[in-house]
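As structure tokens, the structure follows; a few thoughts come after it.
The values are calculated or read from the model by the stated rules, or taken from the named source; none is laboratory data. In this text the structure is predicted, and so the values were computed from the model without any measurement. For neighbour counting, all protein chains shown are included, and Cβ atoms are generated from backbone atoms with ideal geometry for every residue, glycine included.
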Amino acid sequence: MKAEISFILNGSEVNVTIDGHLRLIDILRNTMSLTGTKEGCGEGECGACTVIVDGRAVNSCLYPAHEIEGKSVTTIEGLRMPEHKLSEIQQAFVDNGAIQCGFCTPGMIMSAKALLDSNPNPSDEEIRDALQGNLCRCTGYVQIVEAVKSVAGQIMGKK
Amino acid sequence: MKNFHYIGKETPRPDAPDKAAGKALYIHDLERPGMLYGKIKFSNHPHARIKHIDASKAERLNGVRAVITANNSPEVRLGFLGDNVALKKDKVRQYRDEIAAVAAIDPDTAEEAVELIKVEYEPLPGLFSPQEAMKKGSPLIHETDAQGRPRTDNLVPLRYRHQSGDLDAGKRAAKYVAEGEFSTPRVQQCCMGTAGCIAEFDMNSNLTIWAKTQIPFLAQRDFNRALSDMGLRDKNTRIIVPALGGGFGTGLDTHAYEYIAILLAYKTGRPVKIVYARDEEFAYLSPRQSSITKITQGCDQNGRLTFREVEVLQDNGAYTSWGATYPSVMMMPATSLYRVSNIYFNAKLVYTNNTFCQAMRGYGNPEHTWALESNSDELAREAGVDPYEFRIINCNKPKETTPMGFKVSTCGLKECLQTVAKKLDWKKQNKKGKCRGKGMASLVHVGGGGRIYRSDASGLILKLDDFGNVNAYHGGVEMGQGLHSVLTLGIAEALGVRPDKVFINPLDTSTCPWDVGTHASRGAFMACNAAILAANKLRGKIFKLAEELFPQEAEKNLKKYRKKNPGYKPPAFDFVKEAKKERFDLKDGSIFIKGAPPEPWLSLDLGRLLRAIHFRTQGQMLATEVFYDPPNELPDFAKGFGNISATYAYGTQGAEVEVDTETGEVKILRMVAAHDVGKVLNPRALKGQIYGALAQGIGYALYEELQSEKGKIVNPNFRDYKIPTAQEMNFPIDLEFIETNDSFGPFGAKGVAEPGLVPTAPAIANAIYDAVGIRVRDLPITPEKILSALKKLKASKG
């Protein structure tokens, strides 16, 4: 069952041909070669494959590819700023020591980004709640939460 | 104390920006032209004879390029006892035994083909506990050893024993005694990036393998042996290590799936990739070794330890891997945590039809410290001594030699204990009416390498280019722990260049010098010691050449400077005469003469000097190679003696918990960790190591267990196997680093990667006891176990 779909990927419209059973993560990693999105479990339990679809953080390993028609997808590759700079939240992860093996990092950052976009000044509890679907085996989450808080603080400061 | 330029300062990790951008490449992200996908057919039985394998349907499936079984491929042995083979021929001994494998043009076809392979078995009785497998007359799991000699029981032929002092005298001197049996479960390492490799042969039959490994050079030896088993004598393996996605010990083995990928790649003549799915990672990758430890300790009326007696029983699983060597590390706390002079330690390992086990962070130390520090708490209470005071009374001291022969250089254990007691408000009463309690536990671990192999060395090559960049080639594996961060700082500090001029090259056995492997918390200790050696050699070369070239370049500088600053009068300083190698210094990438006036033209950019050295008749490019082998000994583990590490790390962790007596839930209110790290190299990276290890310790203490029923793993996913999330880690963690500036440590530092995990479980267990008066002796301490212990306690009180 082949189908042609079009959607917005990191700000640009793309058209791809898909097979019925493909998942969004397959389109991203295999068709579009965007390997920043990681597959950690394939069952929606670890969050490594988190991307943002129409403003919401989703597990791309559970997301049927055909449902992406007409929607807007942001992956970790879409966060990078012009002139080869990291976005604010990515830089905060770097600066706060929130990255070790890095495998959970793209998904973790996408969850944090979706949170901050909808709630620019989250409480500690709200941060932990937003990240609880993203597993990390390296960091104990302490510096990850600090990284997200540091960005929330900056946004507050700008107000 | 020496003032450092970069060491001890907050510096972001060099690998972090690419990881934040999703640009780091893991094995899952790599592809090779023409690559095939491999998939393994695992056993359906824990113990059975293989009667027949029918792969004909799989072979005929469109898209399949090869199907291999033991019947059509060479036998490749693995494991340090050689008791395992990549593909099983006559018998399966565990559910995860590899029977056949397929290479196909895509993962779906490979999976379909594997399902088409039919295997006929003759089931044999299974043995699922060491006690059962030890019984006389139990069926043999291995009828013969690797050499084909008949075996008569299920004991693994390995000896771990230590005896020192006079145990009977120690028992007689004891006024108080505490005895207990403590057990720990199999636990999955849960790397977020699952295991995998790509194997590819060139037309000379040499192998290149992209491997998720922590031991590239020992793996090269293992794979070369496999090539030889395949009839490819004198052929070589090149190992390339991509970004790892977590190691935690999983990379210390060479794995059956790697040998299978090699066999498939050779058979098809194409690159073959095998990557485990998460359920395969849980069920088919070796987990942390389980343990059963019987421990008895005694002390005199003052709380001073008089003896320690330990018997360990290990469920070895079906084959022998590094899990079987955990007792070599258990011996470390058994003989050397706290001062005790009459010690007996013995370990017995038994084959069963359960999964076999490999390394995981701490490697036997968490298992033993769990028993030892729980038991020490019991003994202190038995003797009526405060558990903290008990630990102070028996505390290790600097410069002592322990019963195992550890030569302790520096030891900050006392300071660690004091720090935890202070930060945890140890003397303050627990809040009345709430089931709250405090507990602590300490640790000793190798902090200066760990010689478990003939060489404990680490090589480093530094190569300078025309622009003053330093290219480093090192054999240690960056698996997430931050090795490249501290190696960068170490090179920058020791050589005198900025960290952004240091480039750590990808790990490749064909370019990097030998390193025994990244384990035993040795990465930073070894790499930075090598960096200091290499930098000193390189500085010697640069300064020697500068004797001739510095004056020449300074002269040119001065000329230009005068042109720009007419009327400039240089200070009286004879830089030609002063240009002696011992007078030079290099800092932040500039070379200058010590004590020279601070004129800008008297300071040369390193790149400029290097170009002057390069671009002249018979010019030179500068590089250096060093091989650092630490001053430690390969212990005799059958005798339990030898100074395994150049220095030892100590630490104490404390917890305050609240126990819900209705549900059995344990809530951690806060944790405190104080570690003797020698010297802080990179504060944030160091904190990350302790936080992360502590979180793994919490999972180990409270809920992680790889459950199996008759040898089959029944919770192979993150729904049923819970690891800590950001919600579970929702309590304050107070870290304190004790700097003892160890003389063997690079810049004074000790290894710290594992210690954060080691005492976490007993600290929590001791706090639970303090809160509600119960002691659960087998990990994990689940709500069910707590409720059952509370019920018993209530019944005993009548």
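A few points about this structure:
- Residues that are touching an Asp or Glu at 6+ places or on another chain (Cβ under 8 Å) and either modelled with pLDDT of 95 or more or among the aliphatic types (A, V, I, L, M) (or both), drawn from region B:137-164: B:138, B:140, B:142, B:146, B:150, B:151, B:157
- Restricting region B:723-757 to residues that are within 14 Å of chain A (Cβ to nearest Cβ) and among the small types (Gly, Ala, Ser) leaves a set whose member that is surrounded by the fewest Cβ atoms within 10 Å (Cβ to Cβ) is B:726.
- Selected residue [modelled with pLDDT of 95 or more and in contact with a helix residue (DSSP H, G or I) (Cβ under 6 Å, 6 or more places away or on another chain)] from B:383, B:371, B:347: B:347
- Hey, residue A:127 modelled with pLDDT of 95 or more, in a helix (DSSP H, G or I) and β-branched (Val, Ile, Thr) or not: yes
- Of all the numbered requirements in (1) within 14 Å of chain A (Cβ to nearest Cβ); (2) under 26 Å from residue B:295 (Cβ atoms); (3) surrounded by fewer than 17 Cβ atoms within 10 Å (Cβ to Cβ), residue B:720 misses one, and that requirement is (2).
- Among the candidates A:52, A:25, the residue that is surrounded by 16 or more Cβ atoms within 10 Å (Cβ to Cβ), in a strand (DSSP E or B) and in contact (Cβ under 8 Å) with a residue 12 or more places away in the chain is uniquely A:52.
- Pick from region B:488-503, criterion in contact with a strand residue (DSSP E or B) (Cβ under 6 Å, 6 or more places away or on another chain) and under 14 Å from residue B:682 (Cβ atoms), ranking: nearest to the other protein chains (Cβ to nearest Cβ): B:488
To keep it simple, each residue is scored yes or no on (1) in contact (Cβ under 8 Å) with a residue 60 or more places away in the chain; (2) assigned by TED's automatic domain parsing to the domain that holds residue B:392; (3) more than 19 Å from the chain's Cα centre (by Cα).
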{"residue": "B:648", "(1), (2), (3)": "yes, yes, no"}
{"residue": "B:653", "(1), (2), (3)": "yes, yes, yes"}
{"residue": "B:695", "(1), (2), (3)": "no, yes, no"}
{"residue": "B:702", "(1), (2), (3)": "yes, yes, yes"}
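- Residues being surrounded by 10 or more Cβ atoms within 10 Å (Cβ to Cβ) and in a helix (DSSP H, G or I) - total across region B:551-572: 12
- Inspection of region B:582-599 finds no residue satisfying the criterion of being assigned to a helix (DSSP H, G or I), touching a Leu at 6+ places or on another chain (Cβ under 8 Å) and either among the charged types (D, E, K, R) or in the same structural domain as residue B:487 (by TED's automatic domain parsing) (or both).
- Taking the listed residues B:197, B:191, the one that is under 29 Å from the mean Cα position of the chain (by Cα) and assigned to a loop (DSSP other than H, G, I, E, B) is B:191, with no other qualifying.
- In region B:300-333, residue nearest to residue B:286 (Cα to Cα) [restricted to those that are more than 21 Å from the chain's Cα centre (by Cα) and aliphatic (A, V, I, L, M)]: B:318
- The set of residues in region B:233-264 being outside any loop (DSSP other than H, G, I, E, B) and either of a type in the set (Gly, Ala, Ser) or within 14 Å of chain A (Cβ to nearest Cβ) (or both) consists of B:241, B:243, B:256, B:261.
- Among (1) in contact with an Asp or Glu (Cβ under 6 Å, 6 or more places away or on another chain); (2) away from chain A (no Cβ under 14 Å); (3) surrounded by 19 or more Cβ atoms within 10 Å (Cβ to Cβ) - the single one residue B:22 does not satisfy: (2)
- Flag if residue B:101 is small (Gly, Ala, Ser), in contact (Cβ under 8 Å) with a residue 12 or more places away in the chain and either buried (at least 22 other Cβ atoms within 10 Å of the Cβ) or closer than 21 Å to residue B:261 by Cα (or both): yes
- Test: residue A:97 is at the interface with chain B (Cβ under 10 Å from one of its Cβ atoms), buried (at least 24 other Cβ atoms within 10 Å of the Cβ) and farther than 22 Å from residue A:36 by Cβ: no
- Residues located in region B:448-504, provided they are closer than 15 Å to residue B:12 by Cα, of a type outside the set (A, V, I, L, M) and assigned to a helix (DSSP H, G or I): B:484, B:485, B:488, B:490, B:499, B:500, B:501
- Only a single criterion out of (1) under 18 Å from residue A:29 (Cβ atoms); (2) within 11 Å of chain B (Cβ to nearest Cβ); (3) of a type in the set (Phe, Trp, Tyr) is not satisfied by residue A:63, namely (2).
- Which listed residue, of B:50, B:68, B:27, B:40, is within 12 Å of chain A (Cβ to nearest Cβ) and crowded, with 21+ Cβ neighbours inside 10 Å: B:27
- Residue B:176 vs. criteria surrounded by 15 or more Cβ atoms within 10 Å (Cβ to Cβ), touching an Asp or Glu at 6+ places or on another chain (Cβ under 6 Å) and in contact (Cβ under 8 Å) with a residue 60 or more places away in the chain: yes
- Tally, over region A:63-106, of residues that are of a type in the set (A, V, I, L, M) and not in a helix (DSSP H, G or I): 6
- Every residue from region B:505-550 that is buried (at least 16 other Cβ atoms within 10 Å of the Cβ), part of a helix (DSSP H, G or I) and out of contact with any strand residue (DSSP E or B) (no Cβ under 8 Å at 6 or more places or on another chain): B:523, B:524, B:525, B:528, B:532, B:545, B:549
- Extreme residue, surrounded by the fewest Cβ atoms within 10 Å (Cβ to Cβ), among residues of region B:600-622 that are touching a Phe, Trp or Tyr at 6+ places or on another chain (Cβ under 7 Å) and not in a helix (DSSP H, G or I): B:603
- Unmet criterion (only one of (1) outside the structural domain of residue B:749 (by TED's automatic domain parsing); (2) closer than 26 Å to residue B:191 by Cβ; (3) not in a helix (DSSP H, G or I)) for residue B:445: (1)
- Candidates in region B:241-270 are the residues that are polar (S, T, N, Q) and touching a Lys or Arg at 6+ places or on another chain (Cβ under 8 Å); of these, the one that is nearest to residue B:75 (Cα to Cα) is B:268.
- Answer from A:80, A:137, A:128 - the residue that is touching a helix residue (DSSP H, G or I) at 6+ places or on another chain (Cβ under 8 Å), at the interface with chain B (Cβ under 7 Å from one of its Cβ atoms), surrounded by 24 or more Cβ atoms within 10 Å (Cβ to Cβ) and among the charged types (D, E, K, R): A:137
- Flag for residue B:12 being within 14 Å of chain A (Cβ to nearest Cβ) and either touching a Ser or Thr at 6+ places or on another chain (Cβ under 9 Å) or in a loop (DSSP other than H, G, I, E, B) (or both): yes
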